[in-house]
1. State the number of residues belonging to the stretch 372-396 that are at pLDDT 95 or above, in contact with a Phe, Trp or Tyr (Cβ under 9 Å, 6 or more places away or on another chain) and of a type in the set (Gly, Ala, Ser).
2. Could you tell me how many of the residues in the stretch 776-786 are more than 27 Å from the chain's Cα centre (by Cα), surrounded by 17 or more Cβ atoms within 10 Å (Cβ to Cβ) and assigned to a loop (DSSP other than H, G, I, E, B)?
3. Taking the stretch 274-328 as the search range and keeping residues that are in contact (Cβ under 8 Å) with a residue 60 or more places away in the chain and aromatic (Phe, Trp, Tyr), which one is surrounded by the most Cβ atoms within 10 Å (Cβ to Cβ)?
4. Criterion first (in a helix (DSSP H, G or I), outside the structural domain of Arg379 (by TED's automatic domain parsing) and closer than 19 Å to Val179 by Cβ) does Ala338 satisfy it?
5. Just to check your reading of the model, which residue among Ala491, Ala473 is part of a helix (DSSP H, G or I), closer than 20 Å to Ile138 by Cβ, in contact with a Phe, Trp or Tyr (Cβ under 7 Å, 6 or more places away or on another chain) and modelled with pLDDT of 95 or more?
6. May I ask you to verify whether His430 is at pLDDT below 85, in contact with a helix residue (DSSP H, G or I) (Cβ under 9 Å, 6 or more places away or on another chain) and either surrounded by 20 or more Cβ atoms within 10 Å (Cβ to Cβ) or not assigned by TED's automatic domain parsing to the domain that holds Pro863 (or both)?
7. For residues that are assigned to a strand (DSSP E or B), touching an Asp or Glu at 6+ places or on another chain (Cβ under 6 Å) and crowded, with 22+ Cβ neighbours inside 10 Å, tally how many sit in the stretch 161-178.
8. Mind telling me which of the residues Gly890, Gly929 ends up being crowded, with 21+ Cβ neighbours inside 10 Å, at pLDDT below 95 and at positive phi?
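The values are calculated or read from the model by the stated rules, or taken from the named source; none is laboratory data. Since the model is a prediction, treat every value here as computed from it, not as a measurement. With ideal geometry, Cβ positions are generated from the backbone for all residues, glycine too; neighbour counts draw on all protein chains shown.
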Amino acid sequence: MSTVDSFGAKGVLDVDGTEYEIFRLNALEGAAKLPYSLKVLLENLLRTEDGANITSEHIRALAEWDAEAEPSIEIQFTPGRVIMQDFTGVPCIVDLATMREAVADLGGDPSRVNPLAPAELVIDHSVQIDAFGTADAIERNMDIEYQRNGERYQFLRWGQTAFDDFKVVPPGMGIVHQVNIENLARVVMTREVDGALRAYPDTCVGTDSHTTMENGLGVLGWGVGGIEAEAAMLGQPISMLIPRVVGFKLTGEIPAGATATDVVLTITEMLREHGVVGKFVEFYGEGVGAVPLANRATIGNMSPEFGSTAAIFPIDDVTLEYLRLTGRSDEQVALVEAYVKEQGMWHDPSEEITFSEYLELDLSTVVPSISGPKRPQDRIALTEAKAQFHEDIKNYATHVDDAASGDTVDDVAAQSFPASDAPGYTADDHQSEADRPREHHAHAENGRPTKQVPVTMPDGREFELDHGAVSIASITSCTNTSNPSVMMAAAVLARNAVEKGLKAKPWVKTSIAPGSKVVTNYYEKSGLVPALEELGFYIVGYGCTTCIGNSGPLEEEISQAIQDNDLAVTSVLSGNRNFEGRINPDVKMNYLASPPLVIAYALAGNMDFDFETEPLGQDAEGNDVYLKDIWPDPAEVQRIIDSSIDTEMFTREYGTIFDGDERWQNLDTPTGKTFEWNEQSTYVRKPPYFEGMTMETTPVEDITGARVLLKLGDSVTTDHISPAGSFKSDTPAGKYLIEHGVERKDFNSYGSRRGNHEVMIRGTFANIRIKNQLLDGVEGGFTRDFTRDGGPQETVYDAAMNYKEAGVPLVVLGGKEYGSGSSRDWAAKGTSLLGVKAVIAQSYERIHRSNLIGMGVLPLQFPAGESAESLGLDGTESFDVQGVTALNEGTTPKTLKVVATKEDGATVEFDAVLRIDTPGEADYYRNGGILQYVLRQIAK
């Protein structure tokens, strides 16, 4: 539908003789005072106003934004483009391929199922660190990657040819978010519309929560579920509430001993404590101009960890310098500058902007820090790390004699399931017991549990492993590999360490996985690669690796020693997430740290280490060497960066970004507008979402006689609901693969098999650390099956299939912040395909609540102040949900009546809040899901 332009905003901008059609913000009174991020949203509404979904009332409401108001006004945001990674992108393309067939079945034209917004997919989540510590590690890992993922990659190559405006960045090129800021992001986009060349702000949603890295470039965007991304690709706007905007003022400069990683861990802690879930964070003030673009990207990338929707920096000279450095054309840079200044979006630190809330950080107060052992917001000053470790280890080292006190230490985790992703605090619950910021201890009172286990390796290495041993030290993840200041600092520290004769401990699995090949280029040009390799830090691949659980196995003897002795070993990674069970199944405690500190911990070998008072080793003369003796000089680091990084590196690497290597080019690629499904494939299968679908919607019904599939505690994340890591042969997913002729060594990961719904259903609620309160003292994907006498223990999948056969609908009971963490569409898809009709929780994370609706699952919320516990629900009840049918009449009730009937016939009744928050979400639910809604629109 053409733009209505009821405010007369359409005009022309001339940039060096080229005319662009633009929608001027100065057509609206009040727009000039809006925060930068809301100006981007306002232009989006002006440009897409159609008088139906996007009206002049929406535009006026945003222009007259009340900074103090709680979000209540729904608007429709139309992203300019969509970016995906392969774990979450494969199911998107699987669904589009399935929709093509479904449209044909409904009498429509399958070729109409096509991305209407530019869509790009970067294959970065599949490489695992099988080989490490050798010069050929990267080639071996990529060979194994192609062996494991050939079917998926063939499918993606088909998609690249079958769909218009869809491009794939092949494996081995870099991490999606780094490739995005270094090359794919436009900052200002152009598109021909009705014969005119239109310019507008680059906006981009992605199927990965860390899409927010682009916020550092001034590009507004955030992570969404694959379900929402598919709809955006097909031209559907995303429903959202006009958010509160938190103004974050930066002053001062980072001190010499600290890094950008320390800054971001500090900001994460501050914003978690403040509470920014569902809000935009926007950086402003005189200090912004002093923040390098790489640091801005590092900060923006951690937005999911502190819980905000976006964390954006406005555009200024620093932005333009970065665009030039990374090889953007002169014409593009000129357009960005002219457009942003014309629209009043250029950052002017003297301009007074009204925000909803205010925070401030003096960067000079930042100290070296790590974060852990299970949440990104649990920052620990490096000087307190050893003492804090002594306190934390007691929760992980089970049945071990405490060296100091002689007492037996048991696992004293107090929560039903510890917060393990990025749970968002709210004003009401951020001080709940489960989420109260951990008390930091100046010193441990009773020493720590200890257990020395001798290990002999086939190559002759002999050592003792203890609790706290650093088993993995990995420089990885978009947050830090995009930042030359911390990457080069790590290399300089490595050089200094080698010069002093230091070595990494023999039990540490060391690795570097750069975010783009440009990192390798500047490492090589600096001459520092030999020092990194001397310490075992060889490049193992270009991808997310350790941060998403693709750390690969530990050496067999080390793994066995850990398992046999129940050792609580640790990982240290320059990543953004450190949740339990995520990094490696053998590793209980995970710590985030800057790249130089990752190397420092590889040298130390154990978390039970004080860098101030304990030497890392001795030099040739026998003198003790401390961390301060090898810590990089920031001035030298900057000199090396200045002499090692140039624009030609970016233009050379990104000039062939879509070509791929010989492996990619030699893949057999299917052809045709519809995909020929291979019934034998265990990677890519046609999902059942549209089976039996007609053009007419089926009326929604009340839920009667539902049983509880799981009763869960607070901060259950999408990692818990739909794990992305490895799985064993005795799990339902493992049994399925073995039945289909797949050997254990070829299982790959849940994430790599997201294109196969059979694997993903079996992996839903199968995280090895999830705790279902229907069972006592049991971890993992198990529940009680009430289709059988006594409700015996069963796997979640098998129980769900038994319920399905018996015609019994299911519900899930949850606590606070249900579904926090990654934007993982399978957490909703799997929930739906298991037969769950409703989730009843105390509160939800934004993306997962939306995705549940997108898959036809009702998100219900306990009344304020109530919970399953306070209502006396233990999960053995049967549930009726009444009032759902009101949705058939086009109305969305505020609450629905829930009646829980206990085994003795007693009932508990309460009015659950219906968390369908917008009319658009109600439409999706009435259609059975967002894909069905879009499909019917296309078929019409």
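1. 1
2. Going through the stretch 776-786, the residues more than 27 Å from the chain's Cα centre (by Cα) turn out to be 776-778, 783-786.
Of the ones still in play, those that are also surrounded by 17 or more Cβ atoms within 10 Å (Cβ to Cβ) are 783-786.
So of that shortlist, the ones also assigned to a loop (DSSP other than H, G, I, E, B) come out as 785-786.
So the answer is 2.
3. Phe313
4. Numbers: in a helix (DSSP H, G or I): yes; outside the structural domain of Arg379 (by TED's automatic domain parsing): yes; closer than 19 Å to Val179 by Cβ: no.
For Ala338, the condition - in a helix (DSSP H, G or I), outside the structural domain of Arg379 (by TED's automatic domain parsing) and closer than 19 Å to Val179 by Cβ - is not met.
5. Details: Ala473 fails: part of a helix (DSSP H, G or I).
Answer to the check: Ala491.
6. Numbers: at pLDDT below 85: yes; in contact with a helix residue (DSSP H, G or I) (Cβ under 9 Å, 6 or more places away or on another chain): yes; either surrounded by 20 or more Cβ atoms within 10 Å (Cβ to Cβ) or not assigned by TED's automatic domain parsing to the domain that holds Pro863 (or both): yes.
Taking the combined requirement at face value, the residue satisfies it.
7. Step one: filter the stretch 161-178 for residues assigned to a strand (DSSP E or B), giving 166-169, 174.
From what is left, the residues that are touching an Asp or Glu at 6+ places or on another chain (Cβ under 6 Å) are 167.
From what's left, crowded, with 22+ Cβ neighbours inside 10 Å: none.
Total satisfying the criteria: 0.
8. Values: Gly890 fails: crowded, with 21+ Cβ neighbours inside 10 Å.
On inspection, the qualifying residue turns out to be Gly929.
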